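Working notes for the structure below.
A short reminder: the numbers here are calculations on the coordinates, not readings from a lab. Remember, predicted model here, so these are calculated numbers, not experimental data.
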Amino acid sequence: MKRELLLWIATVAFAVTTCAQADDLPTKVAFDRYQTMLDHSPFAVASAVVAPLVAPNFAKDLYVANAARSSDGDMVTIASTSDKDFKKYLTTKTPVDGYAIASIEWSDKVGETKVTISRDGQLATLTFNQMVLVQPLPNRPPIAVPPVFPQQSGLQRSLALPTPTPHVRGVIQRNPQGQTPVPSAQD
């Protein structure tokens, strides 16, 4: 019985000590405490910045191919640099496939007329494609520069460019006289 009493006293003493130590234990800390370390850590993996979704610009590849004034109203042809088959013939009177002319700023200089078009409530100002304006016309031969003659310009004769002689190919005869006909298999 002495042994049981000692065991019971030891158990109560252990329980009292444990309860006293439980009050000394720290409480759980909120995770927000570490947020500043996460935000400013030099060892953090860089994450890509996601661009906000923007509606595509409906006129990013469009340009004015032709603009004309008429008594019936103004007419504009728009084309696309990315789609060679895209052409819209717009007038100031009615929209075509959702495209409409909002305004035209006419210019007397070639290629400087500006056309503002609208589609689905969005506006875009188009100009002529400068690359198309400077290209030579497809079916026209290049302009030949006439030769400079010393009498006309007062230049010395050594500066005049000689005209090259054209290369003319001779006529190819169908049956030349020097050849004999080839014998056939019947001979």
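If the chain linking Met131 and Ile9 were pulled fully straight, counting 0.36 nm for each residue of separation and taking away their Cα-Cα distance, it would gain 33.8 nm.
The stretch between Val45 and Val96, if pulled fully straight at 0.36 nm per residue, gains 13.2 nm over its current Cα-Cα span.
Here the average projected area of the convex hull drawn through the C-alpha atoms of the stretch 62-134 stands at 5.0 nm².
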